[in-house]
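One structure is given here, and the rest of the page talks about it.
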């Protein structure tokens, strides 16, 4: 039996993780969950899975939830509550399914308590990659990727040394605006932006997919997860989303992981690694799919992808600025305060005004994030 904590249990990855628990009640037990505003769903999850702890960021929402659930589950609030939810002695693995850089601090806390991490929060490594990976190495903790692309790379690398990797081929669907030009994006609606062709995801990551920032963040994440340079990462647009990513080795052999677009497999692989278990997913029918196509990303129309490679090339604090600026720009867009085309404009502007500094602690990262927030909102 593996005991798990899920940070962000009401989101897309969190709810799909709980679906896997339902199918494997003899193998997985939920000890802690967390959320914020979706109190109704948290209540249902508590009644079904009976976790020891439920963390709710808002103290007001925590009080509302506490009045509605059995006393066997302890309701805690705020960041301190989130940290406590990952540190129970019995927890074996923490699923970081929360969106945004808020996932960094609980991830670090879980590692300090020797918990393995099933990582679905890419911002954690974008902002704190060196800090997280060094700490994981110090505590002997496994960072198991949940993103479909990074899971594909992880699977392709099994049995091979990282020194044998020549190149990582990171595939992208191209999002809802593949093939469009910049002028085509001036009048797109929020409904158009959130209409991803292949994946059903939360709003923030769906917007990131439309700008291709999501692929930029994934490239930075891959750099830290697999100990490669950004020069060893190539992004290829693959509209069918069947090849989830691939690895080219020094002998020029390429190993790819394939499957229908479905997050069940990467979540399940992370939870049960190194074991593979069966599920109810359909078998891949290549003859029915027919054609798999590939193309280069259009960096003129989608500059966010280029910003990510630029940020890692500059290094130091610049990836933190990239990450925070993107979080704020997407938030402003979702609140209808800026247009879609203004997302990369805001990010590029604040990056151009930032003087990179060395970062070596969580406090440094938070300080750079605060600088970014103050500067991007002043424009």
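Read-outs throughout are calculated quantities, based only on the coordinates presented, and are distinct from any laboratory measurement. It should be emphasised that the depicted structure is a prediction, and the values quoted were computed from it without experimental measurement. Glycine also receives a Cβ, built like all others from the backbone with ideal geometry; neighbour counts cover every protein chain displayed.
For the stretch 328-372, the gyration tensor built on C-alpha atoms gives an oblate shape. Its axis ratio a/c (a ≥ b ≥ c) is at least 1.5, and a/b is not larger than b/c.
Considering the stretch 49-109, its Cα convex hull presents a mean projected area of 4.4 nm².
Potential lengthening of the chain between residue 352 and residue 27 amounts to 112.0 nm, from the contour at 0.36 nm per residue minus the alpha-carbon distance. Once C-alpha pairs closer than 8 Å and six or more residues apart are averaged by separation and normalised to the residue number of the chain, the relative contact order reads 15 percent.
Each of 324, 112, 296 was scored by other Cβ atoms within 10 Å of its Cβ. Arranged with the fewest first, they read 296, 112, 324.
Here's the picture: a label point sits 7 Å out from the Cα of residue 50 along the beta-carbon direction, and within the stretch 63-89 the residues with their amide nitrogen under 11 Å of it are 72-73.
Ordered by the number of other Cβ atoms lying within 10 Å of each residue's own Cβ, fewest first, 204, 137 fall into the sequence 137, 204.
Separation of the stretch 63-133 and the stretch 150-208, taken as the distance between their Cα centroids, equals 26 angstrom. Distance from the Cα centroid of the stretch 18-34 to that of the stretch 319-368 is 35 Å (rounded to whole angstrom). Taking the fewest neighbouring Cβ atoms within 10 Å as the starting point, the ordered list for 192, 92 is 192, 92. Take the alpha carbon gyration tensor of the stretch 79-187, find the square roots of its eigenvalues, order them as a ≥ b ≥ c, and report rounded if a/c is under 1.5; if not, report prolate when a/b exceeds b/c, else oblate. Judged from the Cα gyration tensor, the stretch 79-187 comes out oblate (a/c at least 1.5, b/c at or above a/b). Computed with the Debye formula from one identical point scatterer per Cα of the chain, without solvent, the log10 of I(q)/I(0) at q = 0.15 Å⁻¹ comes to -1.48. Provide the FRET efficiency to the nearest 0.05 for the residue 285-residue 331 pair, computing r from the beta carbons and using R0 = 56 Å. Calculated transfer efficiency: 0.90.
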